[in-house]
1. Of the residues Thr66, Thr19, which single one is at pLDDT 95 or above and either surrounded by fewer than 19 Cβ atoms within 10 Å (Cβ to Cβ) or closer than 25 Å to Thr135 by Cα (or both)?
2. Find all pairs meeting these conditions: Cβ atoms under 7 angstrom apart; at least six residues apart or on different chains; first residue within the range 72-92 and within 19 Å of Asn149 (Cβ to Cβ); second residue modelled with pLDDT under 95 and part of a loop (DSSP other than H, G, I, E, B).
3. Yes or no: the range 93-101 includes at least one residue that is closer than 23 Å to Ile197 by Cβ and not charged (D, E, K, R).
4. Step by step: first the residues of the range 75-94, then only those that are crowded, with 19+ Cβ neighbours inside 10 Å and small (Gly, Ala, Ser), then the one that is farthest from Glu41 (Cα to Cα). Which residue is that?
5. Which one is modelled with the lowest pLDDT among residues in the range 30-60 that are within 30 Å of Gly77 (Cβ to Cβ) and loosely packed, with under 10 Cβ neighbours inside 10 Å?
6. Would it be correct to say that Tyr109 is on the phi < 0 side of the Ramachandran plot, touching a helix residue (DSSP H, G or I) at 6+ places or on another chain (Cβ under 6 Å), among the aromatic types (Phe, Trp, Tyr) and free of Cβ contacts under 8 Å to residues at least 24 places away in the same chain?
7. Suppose the filter is out of contact with any strand residue (DSSP E or B) (no Cβ under 8 Å at 6 or more places or on another chain), aromatic (Phe, Trp, Tyr), closer than 27 Å to Leu193 by Cβ and modelled with pLDDT of 95 or more; does Phe134 pass it?
8. Give the residues of the range 151-197 that are in contact (Cβ under 8 Å) with a residue 60 or more places away in the chain and hydrophobic (A, V, I, L, M, F, W, C), sorted by residue number.
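The values are calculated or read from the model by the stated rules, or taken from the named source; none is laboratory data. In this text the structure is predicted, and so the values were computed from the model without any measurement. Because the Cβ atoms are built from the backbone with ideal geometry, glycine has one as well, and the counts that use them run over all protein chains shown.
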Amino acid sequence: MERNGTPSRNVEDMKPEDTQSNISESLIIFVDIIFGVVIAESFAQYHDSLFHPSLPPSPIFAGLLTVYIVTVMSWIGYHSSVTKYPYKNSNLAKLRFSIDLVIVAMYAYLFYSVGTFETNPDLSSYLLGFPIIFTLYIASGLIKQKEYNDEASKQRLLRACLVVFILMYCIYHFLVLPLWFSYLWPLNWVFILLPLIVNAEYRRRRGW
């Protein structure tokens, strides 16, 4: 069949790599939409804290700033990864896609955990989100290695960051909370911003 003198391409005429590319693009678009929904929902939920911040800034504002920057860095890193290693038409790719969706859901969890700062000074739920996210990064990277049969993911760096986040959580939950509760206000600021520093250093060393 021709349109305007140019033969049209039927589904049967598409090459396997074309089908794979279309599948990967569709999955990437879906992840992008979920990222966008998470960020848009956070704007609606924290409108007053974001656009009418108190002076001095509140822990909620600092936590939101951290999570927004980390989420955007992750979004950029995700695109860098799937551009180099797109999803294949395979069960491994489906599993990697599922893990990537869970990672985005974990950023929604971080936004939710920031909201608890207003009534509860305990940052444990917030700090717990970061080692979970890096565990998922490691799982996604291992699947990429199997998909492409190469060192697709910098596992050593990911594991080092995971150890840092686990230590950060343990120090806060098992030492700071029970032993230094009277100094919790200034220490909370440190532990709110530390994940941002670690994530930024991870992205710098990884080259995004």
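1. Thr66
2. Close Cβ pairs satisfying both conditions: Tyr85/Ala152.
3. No, every residue in the range 93-101 fails to be closer than 23 Å to Ile197 by Cβ and not charged (D, E, K, R).
4. Ala93
5. Top of the filtered list is Phe51.
6. Working: on the phi < 0 side of the Ramachandran plot: yes; touching a helix residue (DSSP H, G or I) at 6+ places or on another chain (Cβ under 6 Å): yes; among the aromatic types (Phe, Trp, Tyr): yes; free of Cβ contacts under 8 Å to residues at least 24 places away in the same chain: yes.
So Tyr109 passes the test.
7. Details: out of contact with any strand residue (DSSP E or B) (no Cβ under 8 Å at 6 or more places or on another chain): yes; aromatic (Phe, Trp, Tyr): yes; closer than 27 Å to Leu193 by Cβ: yes; modelled with pLDDT of 95 or more: yes.
The answer is yes for Phe134.
8. Ala152, Leu184, Trp185, Trp189, Phe191, Ile192, Leu193, Leu196
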